1. Take the conditions at pLDDT below 95, surrounded by fewer than 20 Cβ atoms within 10 Å (Cβ to Cβ) and in contact with a strand residue (DSSP E or B) (Cβ under 8 Å, 6 or more places away or on another chain) and apply them to Ala147. Does it pass?
2. So how many residues does segment 18-39 have that are assigned to a strand (DSSP E or B) and open to solvent by 20 Å² or more (accessible area, probe 1.4 Å)?
3. Report, ordered by the first and then the second residue, all pairs with beta carbons closer than 6 Å, sequence separation of six or more or different chains, a first member in segment 71-87 that is at positive phi, and a second member that is among the hydrophobic types (A, V, I, L, M, F, W, C).
4. Tell me, which residue of segment 91-112 that is at pLDDT 95 or above and either of a type in the set (Phe, Trp, Tyr) or surrounded by fewer than 16 Cβ atoms within 10 Å (Cβ to Cβ) (or both) is nearest to Ile21 (Cα to Cα)?
5. Quick one: in segment 40-51, which of the residues that are among the polar types (S, T, N, Q) and assigned to a loop (DSSP other than H, G, I, E, B) is nearest to Leu126 (Cα to Cα)?
6. Look through Ala86, Ala107, Ala71 and report the one residue that is in contact with a strand residue (DSSP E or B) (Cβ under 9 Å, 6 or more places away or on another chain), small (Gly, Ala, Ser) and more than 19 Å from Asp30 (Cα to Cα).
7. If the requirement is being of a type outside the set (S, T, N, Q), in contact with a strand residue (DSSP E or B) (Cβ under 6 Å, 6 or more places away or on another chain) and closer than 20 Å to Ala141 by Cα, which of these qualifies: Asp39, Asp100?
Amino acid sequence: MIGKRTRRPRRTAPADPAAPITVVVVGDRDGEHAGLAADGRIVVTGVVNTAAAAVALLDQHDPDVVILDAALPDGSGLDLARAVRASRRAMGIVILSAHDGDDIILAALDTGASALVVAHGPPGSLASAVRHAAANPHSFAADGLAAAVSRSLER
């Protein structure tokens, strides 16, 4: 279970749009987060590869946004996203997936995540998702979302 924060409540949107966005990355298999450094506003404060290590890192850094790989060596990033959303309502959550398609889009939406990004997608897509998640943690963004929802309603 993800520990509850003991610090002051986080604001829903940054008061200063130029303020840094702190990020913790969980499950960085190919260094996907490396491009975030080019966005001068995003600061990666920690990187771990397992769900078990994520709990302590989130408690230690209390980031604005967490990037979770959908497939972690010790569990599901989607399950971890649900736990994070339940205990940290204002934290932005970005799911990073090696796969695209309706199933992963709808599964990520169901977790309460803020965004889904396909690994090795267009340049800048991860940074864009992080900025969205920081400003709108309860609004989901993903390429192909409207089409995926439409197809799911047709079934």
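The values are calculated or read from the model by the stated rules, or taken from the named source; none is laboratory data. For clarity, every value in this text was computed on a predicted model and none was experimentally measured. Cβ placement follows ideal geometry from the backbone for every residue including glycine, while neighbour counts extend to all protein chains displayed. The area values use the complete protein model at the heavy-atom level, side chains included, leaving out ligands, DNA and RNA. Shrake-Rupley method; radii C 1.70, N 1.55, O 1.52, S 1.80 Å.
1. In short, no.
2. Of the residues in that region, 1 qualify.
3. Within 6 Å, the pairs are Gly75/Ala51.
4. Filtering segment 91-112 for residues that are at pLDDT 95 or above and either of a type in the set (Phe, Trp, Tyr) or surrounded by fewer than 16 Cβ atoms within 10 Å (Cβ to Cβ) (or both), the one nearest to Ile21 (Cα to Cα) comes out as Asp110.
5. Filtering first and then ranking leaves Asn49.
6. Ala107
7. Numbers: Asp39 fails: in contact with a strand residue (DSSP E or B) (Cβ under 6 Å, 6 or more places away or on another chain).
When all the criteria are applied, what remains is Asp100.
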